[in-house]
1. Evaluate the following for B:ARG177: is it among the basic types (Lys, Arg) and either open to solvent by less than 30 Å² (accessible area, probe 1.4 Å) or more than 21 Å from E:ALA157 (Cβ to Cβ) (or both)?
2. Quick check: is even one residue across region D:89-96 open to solvent by 10 Å² or more (accessible area, probe 1.4 Å), closer than 26 Å to F:GLY116 by Cα, more than 12 Å from chain E (Cβ to nearest Cβ) and touching a residue at least 12 places away in the same chain (Cβ under 8 Å)?
3. For E:VAL172, all conditions in the list (1) β-branched (Val, Ile, Thr); (2) out of contact with any Phe, Trp or Tyr (no Cβ under 6 Å at 6 or more places or on another chain); (3) crowded, with 21+ Cβ neighbours inside 10 Å hold save one; what is the number of the exception?
4. Out of all the residues in region B:203-220, is one or more in contact (Cβ under 8 Å) with a residue 24 or more places away in the chain, in contact with a helix residue (DSSP H, G or I) (Cβ under 6 Å, 6 or more places away or on another chain) and of a type outside the set (Asp, Glu)?
5. Mind listing just one residue for me: the one in region F:1-19 that is outside any loop (DSSP other than H, G, I, E, B) and open to solvent by 40 Å² or more (accessible area, probe 1.4 Å) and, of those, nearest to F:CYS89 (Cα to Cα)?
6. With the structure loaded, tell me whether D:GLY49 is more than 13 Å from every other protein chain (Cβ to nearest Cβ), under 30 Å from D:LEU121 (Cβ atoms), open to solvent by 20 Å² or more (accessible area, probe 1.4 Å) and of a type outside the set (D, E, K, R) or whether it fails that test.
7. Report yes if A:ALA72 is modelled with pLDDT of 95 or more, of a type outside the set (Asp, Glu) and buried (at least 24 other Cβ atoms within 10 Å of the Cβ), otherwise no.
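The values are calculated or read from the model by the stated rules, or taken from the named source; none is laboratory data. The structure presented is a predicted model; accordingly, all values stated were derived computationally and were not measured. Cβ placement follows ideal geometry from the backbone for every residue including glycine, while neighbour counts extend to all protein chains displayed. Note: areas computed on protein heavy atoms with side chains; ligands, DNA, RNA excluded. Shrake-Rupley method; radii C 1.70, N 1.55, O 1.52, S 1.80 Å.
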Protein chains: 6
Amino acid sequence: MNSPAVVRNIERASADVIGRLESHGVSTVHEAQGRTGLLASYMRPIYAGACMAGSAVTVSLPPGDNLMIHAAVEVCRAGDVLVVVPTSCCTDGYFGELLATSLRAQGVKGLVIEAGCRDVLRLTEMKFPVWSRAISSQGTVKAMLGSVNVPVVCAGAFVMPGDVLIADDDGVCVVKREAAEDVAKASGSRAKKESETRERLARGELGLDIYNLRKKLADLGLKYI
Amino acid sequence: MNSPAVVRNIERASADVIGRLESHGVSTVHEAQGRTGLLASYMRPIYAGACMAGSAVTVSLPPGDNLMIHAAVEVCRAGDVLVVVPTSCCTDGYFGELLATSLRAQGVKGLVIEAGCRDVLRLTEMKFPVWSRAISSQGTVKAMLGSVNVPVVCAGAFVMPGDVLIADDDGVCVVKREAAEDVAKASGSRAKKESETRERLARGELGLDIYNLRKKLADLGLKYI
Amino acid sequence: MNSPAVVRNIERASADVIGRLESHGVSTVHEAQGRTGLLASYMRPIYAGACMAGSAVTVSLPPGDNLMIHAAVEVCRAGDVLVVVPTSCCTDGYFGELLATSLRAQGVKGLVIEAGCRDVLRLTEMKFPVWSRAISSQGTVKAMLGSVNVPVVCAGAFVMPGDVLIADDDGVCVVKREAAEDVAKASGSRAKKESETRERLARGELGLDIYNLRKKLADLGLKYI
Amino acid sequence: MNSPAVVRNIERASADVIGRLESHGVSTVHEAQGRTGLLASYMRPIYAGACMAGSAVTVSLPPGDNLMIHAAVEVCRAGDVLVVVPTSCCTDGYFGELLATSLRAQGVKGLVIEAGCRDVLRLTEMKFPVWSRAISSQGTVKAMLGSVNVPVVCAGAFVMPGDVLIADDDGVCVVKREAAEDVAKASGSRAKKESETRERLARGELGLDIYNLRKKLADLGLKYI
Amino acid sequence: MNSPAVVRNIERASADVIGRLESHGVSTVHEAQGRTGLLASYMRPIYAGACMAGSAVTVSLPPGDNLMIHAAVEVCRAGDVLVVVPTSCCTDGYFGELLATSLRAQGVKGLVIEAGCRDVLRLTEMKFPVWSRAISSQGTVKAMLGSVNVPVVCAGAFVMPGDVLIADDDGVCVVKREAAEDVAKASGSRAKKESETRERLARGELGLDIYNLRKKLADLGLKYI
Amino acid sequence: MNSPAVVRNIERASADVIGRLESHGVSTVHEAQGRTGLLASYMRPIYAGACMAGSAVTVSLPPGDNLMIHAAVEVCRAGDVLVVVPTSCCTDGYFGELLATSLRAQGVKGLVIEAGCRDVLRLTEMKFPVWSRAISSQGTVKAMLGSVNVPVVCAGAFVMPGDVLIADDDGVCVVKREAAEDVAKASGSRAKKESETRERLARGELGLDIYNLRKKLADLGLKYI
């Protein structure tokens, strides 16, 4: 019922907000927005230390066919991240060094793909970050249409074009574009509070005391033996 | 039938024995105790080169709830390792930088958790070793009781509080506390013997000759073509 | 019906051809031979940057029993790679530092095993590359026969003794011995062409234009919004 | 950021449209709406022959806690289906005979749950259909809030409250409420056409001829040997 | 360190207690003993409607080798159930019609095996119930020792010889022998209470009212919209 | 390097031999040919009691594209079975009622597909047997070429066109065409021997005695306690 289409223009969050979200990282942002928006844990970075945040340009495409990634490159802008989802379960290597070179030339920060990725040694050398469900050389064709900048479900999370994706060693999290400013603020508050807590814990104070848990444990009926 | 409880005091193996087990590593110890005690291979370290051994402080807790980890921190001693097992299958990120900071302040050497772990970049920088079945930012609550220092089954292995856990790049192995001295000795013997075998193999001798396998192969009826 | 046997002599591709295949890597070779020969993506290297190519010495053996690996070492030659497949699904740690020492002494380049591997820290230090489906300390016995240099299916790919295996961070690919020369040539052509494409993409040209995809997209009926 | 809430009233598709979708079944409906809306294939019925269609009442709840299912029962109407999704991966047995009895008393037609289900023998005797990712006795608590009638992602498909869920032996498919009328029509057309095709195939005509594929195969360059 | 051994005599719970546990079924027993003792949900019956309870005769054996099952048959008594666990992960078909015939001749009620089972059509015709993690024809050898009537971990649950295993369509649960009498009583109470609840739910009363959950929801801050 | 092609004519085993193999079933045949040829245990029948044997017509095709199944139908003969393998991992529903109707009209006995199948209720009613790795409504296109009657690896087993596939509740096994006569004989002998053993076991004789295992256990050092 939906014909394949490319939506050229999407709204994006501000670079400032995206930068702040990136600086806080996935775990803090995920907590700050009420433990929502996390992609499934099978989405892993191809190298340790990978991190990024950017506006999602989404791609829905058939299994084993990367034609639409090429169509998507053209509508990406500097600071975007590409989010690629096959219409059915697939681990083929849709993406490698050539597409990374092309995306980098457009200023795209990285890729989140619910499928496979290849040329991972070269991508690591380029420091082009990718989060994928598999590493696979399996080649794809350029034969069939899909859509660019439509809503997608990626690894269990609903992503609208223009939403902010944050990704690091802990995984990938999506923040609704309209909520990005608020979530960035909440992330900042949380980070500050965690920093204070960290210092207290490092000095040997217990979470039981810092979080006031002794009473809760007693009320719940915990016994000590 | 079992009410939630924290057992404050447990018996531990001697630091000397634990140190010797750590020096031999998981594969040697596992062999030395008759190929028993190995946790399932889905328990992986969060960074290459992680290794540790220590006395197990065990935690049994509900899915998605890390309250009891806080209760466990208090009963840990220097040299312990924490072993955390949800009562049902769960990949949530129960543990991150803050809890690692707290455990380190108590002298705890690391964590084995049959669930998820987060802040892995920071934990790697801290060199706080964790073996987990998943890496996940998924936050947990502090709402419900569990138990500390009760027998648990972790990744298919039975662990009593005070048993010795050895963990490295190869995985995780549990040694019964009462057997730790004997296993350390057997590990030493095995390591020595392997060292001699290694030298012979490095010089080009064949396992067929070193282990006297040619006769066995012939007796079993192997044909050479 | 097949009695266990060791085939001592197999035909091999030339060292020159194997070297050229190795230099191109798995993804290029896989594409160059028409997207065939790839092993399943669960076969992963034990350390980043591992790569090799060599003539396959194949081993078919029982679950939990590595006796036949010892028989295989004797028939390996410098430049070979060992390919080990249990007769039923198994993740035991058939292979570790001792066998790697022995194989290296014979000039063997590395291992592909559809099972488990152990001593991965030491193997990494030795730079002895292994692709496996699991990392596991689980020890094996030396009790039962299997065969060496028989056809095997490894991780979904059919491998004949003497076929060329190429392995790197992207996975593992098998090239038929008789086709190795042609595939090496086709890989070279592909690599050259990709190099030109890479430069154009790096300058900001789009794949849509380089691959002439705009007409295809229009013919297929893609809409732009 | 979202506080837990129960939305009491939702819009629903007409009973007539839902009935027509149910009569066509999952595979036909999925095709008729352009191969979209299918839940992942790990969602399986607890007994062969189970089938249903209804308006989705959605439940988002914590791992291991079924409190919100009780809150959802109250807002269900005759002809609804319950769609239950934990906020993180969980296979606990949230649902059994008692809840099925309660739902049936409200006229609810069945359950789709991305978690576990228990009492499956009794549910089968009751002919209360359930599609789940696991069968598990693992009990849940009634301790924490979630939400009812919010958008959810269930097994990879985005579901809005009031969308139509169709489920049978082939799996589960979601149809947008607003599109339900059109999809029902398209399903009817497709079913009619398939019925004609079936008769021709049964008489021995080939798909090659009926679908006019011989020319396509020739154009694509297929060789016959 | 442990030499292979067969323990001939074990203590068993009374037939009366075992019968009462069987009549209540897995889900009720699991709840009655505090939600413990459940085996992982990948243990599935080979046919719908399978159910049994009995005293566990445990077998620990190597991957791909069923010799010790034969040794175990001899020490089984009428009313026992066999619990078979390989020392490492294995899906081979250790068990089929012949062994079932032998076990039935000894009065054994069924099998729980953390591996594979075969001849399932014949076992179904015989109504010999088996819970396994796989169905596989893969044959096993009779070459190596293991142990009978030692403690085992089966599918994540710790089982002592003589513990009571209950199994039905919902899965498998273990009850400690010493607790069996108490658990049977608690199961009876729970079943009675559930029966009353079922009637109230069937009449249309809501769980919200029966379990007094409205106040809890309000206290936790649930909003209705 | 291989162009897509359809091989029209293949050699087949005799109907008599195929019939005898079918009568013995997968587990007996697999044993009789030396425990080889078994497909992975994730290949399951869509209904209990499904069984068949026939000559393999093989299909290699792209993920998500069933065009080549239509090309294959034309070259099938009465008594054949279709074996379908995607070139990369895929669970799409390539096959349903229409194709089953077409295959039946040609006298084809059933399907083995390392992907998904749909319309399973109808296929069950038709008693058209299918072994698949998934049940899925996910539709496929008819856009790209593959090959018919080429060697394939299906679920870990190597299959040549014309090999005999036997499939039942226990799984699927392939018998080389040239060996089919011998394997049928060996299966007959085995079945006869098993029948005698079954009677002895049913009378209460122990496998320990029938297979003469007591001496072996003693020689291996088994202790009785």
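1. In short, yes.
2. yes
3. Going through (1) β-branched (Val, Ile, Thr); (2) out of contact with any Phe, Trp or Tyr (no Cβ under 6 Å at 6 or more places or on another chain); (3) crowded, with 21+ Cβ neighbours inside 10 Å one by one, E:VAL172 breaks only (2).
4. No, that holds for no residue.
5. Checked region F:1-19; the qualifying residue nearest to F:CYS89 (Cα to Cα) is F:ALA15.
6. Criteria not met by D:GLY49.
7. yes
Matching residues to (1) modelled with pLDDT of 95 or more; (2) aromatic (Phe, Trp, Tyr); (3) within 21 Å of D:ARG8 (Cβ to Cβ):
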| position | (1), (2), (3) |
| --- | --- |
| E:SER189 | yes, no, no |
| E:ARG198 | yes, no, no |
| E:TYR211 | yes, yes, yes |
| E:LYS215 | yes, no, yes |
| E:TYR224 | yes, yes, yes |
